[in-house]
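Remarks on the structure that follows.
The values are calculated or read from the model by the stated rules, or taken from the named source; none is laboratory data. Being a predicted model, the structure only gives us computed values, none of them experimental. Cβ: placed from backbone, ideal geometry, glycine included. Neighbour counts: every protein chain shown.
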Amino acid sequence: MSKTSSRKASNGELKRLTPRHIKAIHLHLQGSRLKQIAERTNLSPWWISRILKSELARKAVAEYQESMDVEFMAQCGRAVEAVKSGLSDPDVTVRLQAVDRWLKTQEKRLGRREARTETAEDVVKRLMELRLPESPQKEQETARTGG
């Protein structure tokens, strides 16, 4: 029995992932194109495509993405604190950059793909122009002081 046949099931599906298969998956996860992966692994683009479409590779990619999601969520608290800190920084440039980052993050989180034409400065200006109603407590204080 040849090495190739021991790696494939009777239906053509891979039975196991070899180190080259794993390297191809890693390159794919890093954003490499099919042709680049083929060149770096010394496999044909057709074979790389077959590897990446295999059940084993899809499972490996799903497990990797799940672990990255866990890592990402673990860092959310620190990221929120960094943005909060930036929003209250005395330097207006830092505050505007923090707003811009926050808005971009929200767009990605909510799945909005359309390009935003509004800058952070535009958003802040629009927010500052809004006349928000005063809180009931503030209205009571104003009424008591007569101002």
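Observations, loosely collected:
- Verdict on residue 21 being touching a strand residue (DSSP E or B) at 6+ places or on another chain (Cβ under 9 Å), touching a residue at least 12 places away in the same chain (Cβ under 8 Å), surrounded by 12 or more Cβ atoms within 10 Å (Cβ to Cβ) and not in a loop (DSSP other than H, G, I, E, B): yes
- Residue satisfying condition, being modelled with pLDDT under 90 and not polar (S, T, N, Q), within set 55, 71: 71
- Single residue of the stretch 24-43 satisfying the filter (of a type in the set (A, V, I, L, M) and within 16 Å of residue 64 (Cβ to Cβ)) that is surrounded by the most Cβ atoms within 10 Å (Cβ to Cβ): 24
Residue by residue, here is whether (1) among the basic types (Lys, Arg); (2) assigned to a helix (DSSP H, G or I) holds:
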residue	(1), (2)
50	yes, yes
60	no, yes
70	no, yes
74	no, yes
78	yes, yes
81	no, yes
84	yes, yes
89	no, no
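- Any hit, the stretch 1-15, residues being of a type outside the set (Ser, Thr, Tyr), at pLDDT 80 or above and in a helix (DSSP H, G or I): no
- Residue 65 being at pLDDT 75 or above, within 30 Å of residue 25 (Cβ to Cβ) and out of contact with any strand residue (DSSP E or B) (no Cβ under 9 Å at 6 or more places or on another chain): yes
- Among residues of the stretch 105-122 that are in a helix (DSSP H, G or I), those with a Cβ under 8 angstrom from a residue that is of a type outside the set (A, V, I, L, M) and at pLDDT 70 or above, sequence gap 6+ or separate chain, pair up as 120/97; 120/100.
Rundown of residues vs (1) of a type outside the set (A, V, I, L, M, F, W, C); (2) at pLDDT 65 or above; (3) under 23 Å from the mean Cα position of the chain (by Cα); (4) exposed (fewer than 10 other Cβ atoms within 10 Å of the Cβ), yes/no style:
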site	(1), (2), (3), (4)
101	yes, yes, yes, no
110	no, yes, yes, yes
116	yes, no, yes, no
132	no, no, no, yes
144	yes, yes, no, yes
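- Index of the failed condition, residue 89 passing every other in (1) of a type outside the set (Val, Ile, Thr); (2) closer than 21 Å to residue 76 by Cβ; (3) modelled with pLDDT under 80: (3)
- Close contacts from the stretch 44-64, counting a first residue that is surrounded by fewer than 11 Cβ atoms within 10 Å (Cβ to Cβ) and a second that is at pLDDT below 90, with Cβ to Cβ under 7 Å and a gap of 6+ residues or different chains, come to 55/13.
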